[in-house]
Amino acid sequence: MRIAVLGGTGNLGMGLSLRLAILGYEVIVGSRSEEKAKLKAEEYRKILSEKGFAGKLSGMTNSEASKICDIAIVTIPWEQAFELVKNLKGELAGKIVVSPLVPMKKEGKIFRYVEIPEGSAAKKLAGILKESEVVAAFHSIPADRFANLESDFDWDVIVCGNGDAKGTIMEITDEIDGLRALDGGDLENSRLVESLTVLILNLMTMNKLRDLGIKFC
Ligand SMILES: NC(=O)c1ccc[n+]([C@@H]2O[C@H](COP(=O)([O-])OP(=O)(O)OC[C@H]3O[C@@H](n4cnc5c(N)ncnc54)[C@H](OP(=O)(O)O)[C@@H]3O)[C@@H](O)[C@H]2O)c1
(Lines give C-alpha, C1' and ligand atoms only; values in the text may rest on other atoms or scores of the structure.)
Protein backbone atom coordinates (compact mmCIF):
# COMPACT_ATOMS: atom_id res chain seq x y z
CA MET A 1 0.00 0.00 0.00
CA ARG A 2 1.32 3.44 -0.94
CA ILE A 3 0.97 6.18 1.64
CA ALA A 4 1.67 9.80 0.69
CA VAL A 5 2.65 12.08 3.55
CA LEU A 6 1.81 15.51 2.15
CA GLY A 7 4.15 18.03 3.75
CA GLY A 8 6.10 14.98 4.91
CA THR A 9 9.20 17.19 5.15
CA GLY A 10 7.88 18.74 8.40
CA ASN A 11 7.61 17.79 12.08
CA LEU A 12 4.73 15.31 12.16
CA GLY A 13 5.43 14.13 8.60
CA MET A 14 8.89 12.95 9.57
CA GLY A 15 7.72 10.60 12.33
CA LEU A 16 4.86 9.23 10.24
CA SER A 17 7.13 8.68 7.22
CA LEU A 18 9.76 6.84 9.28
CA ARG A 19 7.38 4.70 11.27
CA LEU A 20 5.17 3.74 8.31
CA ALA A 21 8.25 2.86 6.24
CA ILE A 22 9.50 0.61 9.08
CA LEU A 23 6.21 -1.30 8.80
CA GLY A 24 6.90 -1.94 5.11
CA TYR A 25 4.50 0.59 3.61
CA GLU A 26 5.69 2.37 0.48
CA VAL A 27 5.96 5.94 1.75
CA ILE A 28 6.03 8.99 -0.50
CA VAL A 29 7.31 12.13 1.18
CA GLY A 30 5.40 15.02 -0.37
CA SER A 31 6.49 18.64 -0.59
CA ARG A 32 5.85 21.76 -2.61
CA SER A 33 9.39 21.27 -3.92
CA GLU A 34 10.44 18.07 -5.64
CA GLU A 35 14.07 18.71 -4.70
CA LYS A 36 13.24 19.15 -1.00
CA ALA A 37 11.06 16.01 -1.06
CA LYS A 38 13.87 13.93 -2.56
CA LEU A 39 16.43 15.28 -0.07
CA LYS A 40 14.13 14.52 2.89
CA ALA A 41 13.36 11.03 1.58
CA GLU A 42 17.11 10.42 1.33
CA GLU A 43 17.61 11.73 4.89
CA TYR A 44 14.84 9.45 6.21
CA ARG A 45 16.26 6.43 4.33
CA LYS A 46 19.62 7.13 5.99
CA ILE A 47 18.04 7.30 9.46
CA LEU A 48 16.30 3.99 8.83
CA SER A 49 19.39 2.24 7.45
CA GLU A 50 21.44 3.36 10.48
CA LYS A 51 18.85 1.53 12.59
CA GLY A 52 18.99 -1.53 10.35
CA PHE A 53 15.71 -0.95 8.50
CA ALA A 54 15.29 -0.91 4.73
CA GLY A 55 12.27 1.33 4.15
CA LYS A 56 10.69 2.09 0.78
CA LEU A 57 10.73 5.89 0.81
CA SER A 58 10.66 8.28 -2.13
CA GLY A 59 10.20 12.03 -2.48
CA MET A 60 7.81 13.81 -4.89
CA THR A 61 5.74 16.94 -5.15
CA ASN A 62 2.50 16.81 -3.18
CA SER A 63 0.64 16.61 -6.48
CA GLU A 64 2.62 13.62 -7.85
CA ALA A 65 2.43 11.90 -4.45
CA SER A 66 -1.36 12.37 -4.34
CA LYS A 67 -1.74 10.93 -7.84
CA ILE A 68 -0.08 7.60 -7.10
CA CYS A 69 -0.99 6.98 -3.45
CA ASP A 70 -3.75 4.87 -1.89
CA ILE A 71 -3.82 6.94 1.30
CA ALA A 72 -2.72 10.55 1.83
CA ILE A 73 -1.97 12.09 5.24
CA VAL A 74 -2.18 15.88 5.24
CA THR A 75 0.66 16.99 7.53
CA ILE A 76 0.46 20.67 6.56
CA PRO A 77 -0.17 23.66 8.85
CA TRP A 78 -3.96 23.90 9.09
CA GLU A 79 -4.32 27.41 7.62
CA GLN A 80 -2.60 26.27 4.42
CA ALA A 81 -3.98 22.73 4.20
CA PHE A 82 -7.40 23.65 2.77
CA GLU A 83 -5.96 25.60 -0.16
CA LEU A 84 -3.50 22.78 -0.86
CA VAL A 85 -6.16 20.05 -1.00
CA LYS A 86 -8.46 22.25 -3.14
CA ASN A 87 -5.83 21.97 -5.84
CA LEU A 88 -5.49 18.20 -5.39
CA LYS A 89 -9.19 17.25 -5.48
CA GLY A 90 -8.82 15.21 -8.67
CA GLU A 91 -5.66 13.42 -7.57
CA LEU A 92 -7.18 12.51 -4.19
CA ALA A 93 -10.57 11.32 -5.52
CA GLY A 94 -11.39 7.77 -4.41
CA LYS A 95 -8.61 7.75 -1.80
CA ILE A 96 -8.49 7.84 1.97
CA VAL A 97 -7.30 11.23 3.21
CA VAL A 98 -6.20 11.54 6.83
CA SER A 99 -6.53 14.81 8.73
CA PRO A 100 -4.31 15.39 11.78
CA LEU A 101 -5.12 19.12 11.49
CA VAL A 102 -5.52 21.06 14.72
CA PRO A 103 -6.97 24.53 14.07
CA MET A 104 -5.57 26.82 16.71
CA LYS A 105 -3.98 30.18 17.39
CA LYS A 106 -1.83 31.52 20.19
CA GLU A 107 -2.90 34.37 22.47
CA GLY A 108 0.13 35.19 24.59
CA LYS A 109 1.08 31.92 26.21
CA ILE A 110 -2.33 30.30 25.68
CA PHE A 111 -3.39 28.17 22.73
CA ARG A 112 -6.99 28.69 21.57
CA TYR A 113 -9.03 26.31 19.46
CA VAL A 114 -10.17 28.07 16.30
CA GLU A 115 -13.82 27.37 15.55
CA ILE A 116 -14.29 26.20 11.98
CA PRO A 117 -17.77 26.96 10.56
CA GLU A 118 -17.96 23.46 9.02
CA GLY A 119 -17.58 21.96 12.52
CA SER A 120 -13.92 20.94 12.45
CA ALA A 121 -10.85 21.05 10.23
CA ALA A 122 -11.47 17.44 9.20
CA LYS A 123 -15.07 18.24 8.25
CA LYS A 124 -13.92 21.22 6.21
CA LEU A 125 -11.43 18.95 4.44
CA ALA A 126 -14.23 16.44 3.77
CA GLY A 127 -16.39 19.26 2.37
CA ILE A 128 -13.66 20.11 -0.12
CA LEU A 129 -12.72 16.51 -0.95
CA LYS A 130 -16.22 15.22 -1.68
CA GLU A 131 -14.91 12.23 -3.63
CA SER A 132 -12.37 11.16 -0.98
CA GLU A 133 -12.94 9.40 2.34
CA VAL A 134 -11.68 11.70 5.08
CA VAL A 135 -10.61 10.21 8.41
CA ALA A 136 -9.31 12.24 11.38
CA ALA A 137 -6.31 10.80 13.28
CA PHE A 138 -2.87 11.44 14.81
CA HIS A 139 -3.77 14.85 16.34
CA SER A 140 -2.38 14.22 19.80
CA ILE A 141 0.99 12.78 18.80
CA PRO A 142 3.93 14.93 19.91
CA ALA A 143 5.90 15.14 16.67
CA ASP A 144 9.48 15.40 17.96
CA ARG A 145 9.26 12.41 20.27
CA PHE A 146 7.43 10.41 17.61
CA ALA A 147 10.15 11.09 15.03
CA ASN A 148 12.90 10.00 17.42
CA LEU A 149 13.32 6.29 16.81
CA GLU A 150 15.14 5.92 20.16
CA SER A 151 12.02 7.05 21.98
CA ASP A 152 9.57 4.65 23.66
CA PHE A 153 5.96 5.67 24.19
CA ASP A 154 2.51 4.27 24.89
CA TRP A 155 -0.13 6.56 23.41
CA ASP A 156 -3.72 6.34 22.27
CA VAL A 157 -4.74 7.73 18.90
CA ILE A 158 -8.41 8.65 18.57
CA VAL A 159 -9.65 7.97 15.06
CA CYS A 160 -12.88 9.55 13.76
CA GLY A 161 -14.55 8.79 10.47
CA ASN A 162 -17.00 6.59 8.70
CA GLY A 163 -17.03 3.08 7.29
CA ASP A 164 -14.12 1.01 6.05
CA ALA A 165 -11.76 3.97 5.74
CA LYS A 166 -11.76 4.48 9.52
CA GLY A 167 -11.11 0.75 10.01
CA THR A 168 -8.13 0.86 7.63
CA ILE A 169 -6.55 3.81 9.43
CA MET A 170 -7.16 2.18 12.83
CA GLU A 171 -5.43 -1.01 11.64
CA ILE A 172 -2.41 0.91 10.35
CA THR A 173 -2.21 2.94 13.58
CA ASP A 174 -2.30 -0.22 15.69
CA GLU A 175 0.64 -1.61 13.72
CA ILE A 176 2.88 1.27 14.88
CA ASP A 177 4.79 0.27 18.00
CA GLY A 178 3.54 2.24 21.03
CA LEU A 179 0.26 3.41 19.48
CA ARG A 180 -3.24 2.10 20.16
CA ALA A 181 -6.09 3.20 17.92
CA LEU A 182 -9.39 4.04 19.62
CA ASP A 183 -12.61 4.48 17.68
CA GLY A 184 -13.75 8.03 18.36
CA GLY A 185 -16.99 7.82 16.37
CA ASP A 186 -17.88 9.59 13.15
CA LEU A 187 -16.23 12.63 11.58
CA GLU A 188 -18.61 14.89 13.49
CA ASN A 189 -16.60 13.97 16.60
CA SER A 190 -13.28 15.09 15.08
CA ARG A 191 -13.99 18.49 16.62
CA LEU A 192 -13.61 16.96 20.09
CA VAL A 193 -10.23 15.44 19.29
CA GLU A 194 -8.94 18.59 17.63
CA SER A 195 -9.90 20.69 20.65
CA LEU A 196 -8.59 18.08 23.12
CA THR A 197 -5.21 18.46 21.43
CA VAL A 198 -5.28 22.21 22.06
CA LEU A 199 -5.96 21.45 25.74
CA ILE A 200 -2.91 19.13 25.81
CA LEU A 201 -0.73 21.89 24.36
CA ASN A 202 -1.96 24.24 27.10
CA LEU A 203 -1.26 21.60 29.76
CA MET A 204 2.30 21.33 28.49
CA THR A 205 2.86 25.09 28.43
CA MET A 206 1.22 25.91 31.76
CA ASN A 207 2.79 22.99 33.63
CA LYS A 208 6.21 23.10 31.95
CA LEU A 209 5.82 19.57 30.56
CA ARG A 210 7.12 18.26 27.24
CA ASP A 211 5.92 15.78 24.62
CA LEU A 212 2.66 14.78 26.33
CA GLY A 213 0.60 12.18 24.52
CA ILE A 214 -2.67 10.69 25.76
CA LYS A 215 -3.49 7.29 27.24
CA PHE A 216 -6.96 6.28 28.44
CA CYS A 217 -6.76 3.69 31.20
N1 LIG B 1 3.80 19.18 15.25
C2 LIG B 1 3.06 18.38 15.99
O3 LIG B 1 3.45 17.95 17.11
C4 LIG B 1 1.70 17.93 15.51
C5 LIG B 1 1.05 16.89 16.17
C6 LIG B 1 -0.20 16.48 15.72
C7 LIG B 1 -0.82 17.12 14.66
N8 LIG B 1 -0.18 18.16 14.05
C9 LIG B 1 -0.84 18.79 12.90
O10 LIG B 1 -0.14 18.35 11.74
C11 LIG B 1 -0.03 19.38 10.78
C12 LIG B 1 1.45 19.57 10.45
O13 LIG B 1 2.14 20.05 11.59
P14 LIG B 1 3.71 20.17 11.57
O15 LIG B 1 4.14 20.70 12.87
O16 LIG B 1 4.28 18.89 11.06
O17 LIG B 1 3.89 21.31 10.44
P18 LIG B 1 5.22 21.98 9.88
O19 LIG B 1 6.39 21.12 10.21
O20 LIG B 1 5.24 23.40 10.29
O21 LIG B 1 4.94 21.97 8.31
C22 LIG B 1 4.82 20.77 7.60
C23 LIG B 1 5.08 21.02 6.14
O24 LIG B 1 4.05 21.81 5.58
C25 LIG B 1 4.54 22.38 4.37
N26 LIG B 1 4.03 23.75 4.24
C27 LIG B 1 4.35 24.82 5.02
N28 LIG B 1 3.69 25.92 4.58
C29 LIG B 1 2.94 25.50 3.51
C30 LIG B 1 2.06 26.17 2.61
N31 LIG B 1 1.83 27.48 2.67
N32 LIG B 1 1.49 25.43 1.61
C33 LIG B 1 1.74 24.11 1.49
N34 LIG B 1 2.57 23.44 2.30
C35 LIG B 1 3.17 24.12 3.30
C36 LIG B 1 6.07 22.37 4.45
O37 LIG B 1 6.53 21.44 3.48
P38 LIG B 1 7.31 21.88 2.15
O39 LIG B 1 8.04 23.16 2.44
O40 LIG B 1 8.23 20.74 1.93
O41 LIG B 1 6.26 22.01 1.10
C42 LIG B 1 6.33 21.82 5.85
O43 LIG B 1 7.48 21.02 5.93
C44 LIG B 1 -0.66 20.62 11.39
O45 LIG B 1 -1.92 20.81 10.80
C46 LIG B 1 -0.77 20.32 12.87
O47 LIG B 1 -1.94 20.86 13.43
C48 LIG B 1 1.07 18.56 14.43
(message) Need the failing condition index for Lys40 against (1) open to solvent by 60 Å² or more (accessible area, probe 1.4 Å); (2) more than 28 Å from Gly167 (Cβ to Cβ); (3) of a type in the set (D, E, K, R); (4) touching a residue at least 24 places away in the same chain (Cβ under 8 Å), just the number.
(response) (1)
(message) Given the options Leu209, Leu203, name the one that is modelled with pLDDT of 95 or more, more than 16 Å from the chain's Cα centre (by Cα) and part of a helix (DSSP H, G or I).
(response) Leu203
(request) Inspect segment 178-185 for any residue being part of a loop (DSSP other than H, G, I, E, B) and away from the ligand (no atom under 16 Å from the Cβ) and give the result as yes or no. (result) yes
(request) Note down all Cβ pairs under 7 Å where the first residue falls in segment 65-91 and is more than 8 Å from the ligand (Cβ to nearest atom), the second is in a helix (DSSP H, G or I) and basic (Lys, Arg), and they're at least six residues apart or on different chains. (result) Phe82/Lys124; Glu91/Lys67
(request) Could you identify the single residue in Ser58, Ser99 that is under 15 Å from the mean Cα position of the chain (by Cα) and touching a residue at least 24 places away in the same chain (Cβ under 8 Å)? (result) Ser99
(message) Among the numbered criteria (1) within 16 Å of the ligand (Cβ to nearest atom); (2) in contact with an Asp or Glu (Cβ under 8 Å, 6 or more places away or on another chain), which one does Ser17 miss?
(response) (2)
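The values are calculated or read from the model by the stated rules, or taken from the named source; none is laboratory data. Since this is a predicted model, take the numbers as computed values, not measurements. As a convention, Cβ positions derive from the backbone with ideal geometry for all residues, glycine included, and neighbour counts pool all protein chains shown. Quick note on the areas: whole protein, heavy atoms, side chains included, nothing else; ligands and nucleic acids left out. Shrake-Rupley method; radii C 1.70, N 1.55, O 1.52, S 1.80 Å.
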